[in-house]
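Notes follow once the structure below has been shown.
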Amino acid sequence: MAGSLCKYLRFMGYDCISANDMPPGNSREDTIILNIAKAEHRYILTQDSELARRGEGIAIRLISSDLGDQISQLVSAGLISPRIRLTRCSRCNALLMKGPGINPVNPFAPDDETLMHCPICYRQYWEGTHTRNMRVRLEEMTGNCEKG
């Protein structure tokens, strides 16, 4: 339910699991999420008031569906520092590694040491226009100035 937030948190370097990654249609999904959060000492970020109530102490009810408002809420609560770090894969959450990995280098990627790859899903990341645009968007959402 907070897939965009999860993606941004991963870009900020936070270890996140998304409910969107779970198989759909499980009537016990909330219980499974609560059990994972307790076992792995994670917070649950949700707009579901019932899940937030059940997860008292480990669940945070997101008060808005707007990504900027959600990030601002987490910053205000002191839970995150809004800075793009490019240390985790935005798709699968794995820690990124230096270099191009096994895939051919994307023709738009730089030829320098900033190229990173995911060892699980093989996506490539680098400091380019997209990263700069995310930094600007994050600054606009939070009002914080981020240094590269």
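Name the helices (runs of 4 or more DSSP H) wholly within segment 1-67 that hold at least 1 residues that are closer than 19 Å to Cys92 by Cβ and free of Cβ contacts under 8 Å to residues at least 60 places away in the same chain? Write out each step before concluding.
On the way: elements: 3-11, 29-39, 49-54.
Correct list: 3-11, 29-39.
Going through segment 11-48 one residue at a time, which ones are closer than 25 Å to Ser81 by Cβ and hydrophobic (A, V, I, L, M, F, W, C)?
Phe11, Met12, Cys16, Ile17, Ala19, Ile33, Ile36, Ala37, Ile44, Leu45
Rundown of residues vs (1) under 20 Å from Thr131 (Cα atoms); (2) touching a Pro at 6+ places or on another chain (Cβ under 9 Å), yes/no style:
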{"residue": "Leu45", "(1), (2)": "no, no"}
{"residue": "Leu67", "(1), (2)": "yes, no"}
{"residue": "Ala77", "(1), (2)": "no, no"}
{"residue": "Arg85", "(1), (2)": "yes, no"}
{"residue": "Lys98", "(1), (2)": "yes, no"}
{"residue": "Asn106", "(1), (2)": "yes, yes"}
{"residue": "Thr114", "(1), (2)": "yes, no"}
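Would you pick out the residues in segment 68-82 that are touching a residue at least 60 places away in the same chain (Cβ under 8 Å), within 17 Å of Cys16 (Cβ to Cβ) and among the polar types (S, T, N, Q)?
Of everything in segment 68-82, those that are touching a residue at least 60 places away in the same chain (Cβ under 8 Å), within 17 Å of Cys16 (Cβ to Cβ) and among the polar types (S, T, N, Q) turn out to be Gln70, Ser81.
From the list Arg42, Arg61, Arg88, pick out the single residue that is among the basic types (Lys, Arg), surrounded by 13 or more Cβ atoms within 10 Å (Cβ to Cβ), under 17 Å from Ser18 (Cα atoms) and over 16 Å from the mean Cα position of the chain (by Cα). Full working, then the answer.
Numbers: Arg42 fails: over 16 Å from the mean Cα position of the chain (by Cα); Arg88 fails: over 16 Å from the mean Cα position of the chain (by Cα).
Within the list Arg42, Arg61, Arg88, the selection yields Arg61.
For a quick check of your reading of the model, give me the residue pairs whose first member lies in segment 98-118 and is exposed (fewer than 15 other Cβ atoms within 10 Å of the Cβ), whose second is part of a loop (DSSP other than H, G, I, E, B) and among the charged types (D, E, K, R), with beta-carbon atoms closer than 6 Å and at least 6 apart or on different chains.
Matching pairs, first to second residue: Thr114/Glu127.
Quick one: would you say Arg85 is in contact with a Cys (Cβ under 8 Å, 6 or more places away or on another chain) and touching a residue at least 12 places away in the same chain (Cβ under 8 Å)?
no
Laboratory data are not the source of any read-out in this text; all were calculated from the coordinates shown. Computed from a predicted model, the values in this text were never measured in an experiment. All Cβ positions, glycine included, derive from the backbone under ideal geometry; neighbour counts span all protein chains shown.
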